[in-house]
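Note sheet for the following structure.
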Amino acid sequence: MQVGIDKIGFYTPNKYVDMIDLANARNQDPNKFLIGIGQEKMTVADETQDAVSMGINATLDFVDEIDKDKVGLMIFGTESSVDQSKSASLFVKTALNLRPEVRTFEVKEACFGLTAALMMATDFVRLHPEQTAIVIGSDIARYGLNTGGEVTQGAGSISMLVKADPSILALNEGHSAYSDDINDFWRPNNSKTAMVDGKYSTQVYLDFFTKTFEDYKKQKNLKTEDFDALIYHLPFTKMGLKANRLAIADESEVVSEKLSKTFEASKKLSVNVGNVYTASLYLSLLSLLQNGELAPNDLIGLFSYGSGAMAEFFTGNVVEGFKQQLHPDKVQARLDARTKLTIPEYETIFTQSLADPVEGKELSSDEQAGVWYFAGVKNGVRLYKQK
């Protein structure tokens with residue numbers, strides 16, 4: 001029995017900053033951001049969009065296409081949690097009118113959260129093949145204005161349905177994992193923005209990729225040439241490019257060209273959205289599925305990384321007819337509908353979004369009709385509404 005990804009939904013808020021504008025405002029050469037970091041645009045979340053609302057909106061992409069009565073599990077991976085106790089998934093389950101019998105909770109390990117959710121969901125479906133699972137990764141990456149990490153911010157969510165006999169990607173059993181207690185990136189409870197040692201984090205990311213990739217190939221008796229695509233967690237696209245260069249080093253021209261081409265396809269969405277933490281690897285997957293030239297049964301290698309640090313390499317095979325499950329026009333329309341912010345507008349929105357909600361103050365959204373948003377706090381309870 002095959003188990004894997006049957007549906008995939010994507011959401012990103014309706015505002016963005018152009019990297020050329022940001023570079024000019026910070027007195028930097030635009031090519032430092034465009035080429036050195038590999039980003040062109042960065043989605044900005046205002047005070048009405050948080051991890052919960054984005055997770056709801058991503059799942060709305062497919063929830064009406066599935067049998068809700070078969071959903072037995074929902075896991076929400078995030079490092080942008082809105083509550084120290086209550087899981088984000090409970091808000092989502094209520095908004096989507098899922099059954100009260102659904103087992104639901106939230107998980108955290110930096111950007112690894114959605115992969116952890118996917119692995120648990122896959123195991124759940126293997127044991128309960130008559131049921132399905134929804135896994136969500138939803139995050140807002142914030143490092144602060146005028147900081148070294150500012151260019152690697154972003155916001156968005158990916159939601160996926162996991163089921164037996166999937167129609168997009170069949171996940172293979174087995175994986176290679178590696179973890180270590182390090183301080184390359186973290187966000188203490190008393191901080192609204194992340195702390196990061198950028199150069200150290202990049203080196204750890206590359207080291208962990210090499211360890212897990214080589215170990216997985218050894219486990220499965222595979223060679224790099226056996227992969228039809230390799231995709232990566234992309235906090236910024238240049239980091240993934242560095243990992244891909246390691247993967248194809250010493251490979252033939254044919255293999256190098258193949259895996260370089262698929263990497264370019266996998267980064268297209270991230271280039272225009274920015275860092276979405278837990279959802280990043282799966283934004284790469286969506287981008288590859290939409291933009292790559294994949295054939296049924298093609299083998300995709302996925303590298304997941306969460307600072308602190310946890311990494312995992314695993315694989316899946318493309319399912320015949322997967323294109324019918326994608327909605328590239330909807331994805332592009334969502335990106336095109338975003339409003340370009342001036343740098344002063346971005347800075348104002350960014351500062352507002354860091355403030356704690358004011359008790360009793362109702363918020364309104366400028367999103368399109370049908371979009372869910374955070375509407376404020378009443379009696380200490382977070383409220384969510386649909387536009």
- Task: Answer yes or no as to whether Tyr205 is part of a helix (DSSP H, G or I), within 22 Å of the chain's Cα centre (by Cα) and within 23 Å of Ala117 (Cβ to Cβ).
- Result: yes
- Message: For the stretch 228-250, give me each residue that is surrounded by fewer than 22 Cβ atoms within 10 Å (Cβ to Cβ), outside any helix (DSSP H, G or I) and touching a Lys or Arg at 6+ places or on another chain (Cβ under 9 Å).
- Response: Asp228
- Taking the stated definitions as given, is Leu246 modelled with pLDDT of 95 or more, closer than 17 Å to Leu118 by Cβ and either in contact with a helix residue (DSSP H, G or I) (Cβ under 7 Å, 6 or more places away or on another chain) or acidic (Asp, Glu) (or both)? no
- Enumeration of residues in the stretch 123-150 that are among the β-branched types (Val, Ile, Thr) and either surrounded by fewer than 21 Cβ atoms within 10 Å (Cβ to Cβ) or within 17 Å of the chain's Cα centre (by Cα) (or both): Ile134, Val135, Ile136, Ile140, Thr147
- Test result for Leu259, within 28 Å of Asn146 (Cα to Cα), hydrophobic (A, V, I, L, M, F, W, C) and touching a helix residue (DSSP H, G or I) at 6+ places or on another chain (Cβ under 6 Å): no
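The values are calculated or read from the model by the stated rules, or taken from the named source; none is laboratory data. Everything quoted here is computed from the prediction, not taken from an experiment. Reconstructed Cβ throughout: ideal geometry from the backbone, glycine too, with neighbour counts over all protein chains shown.
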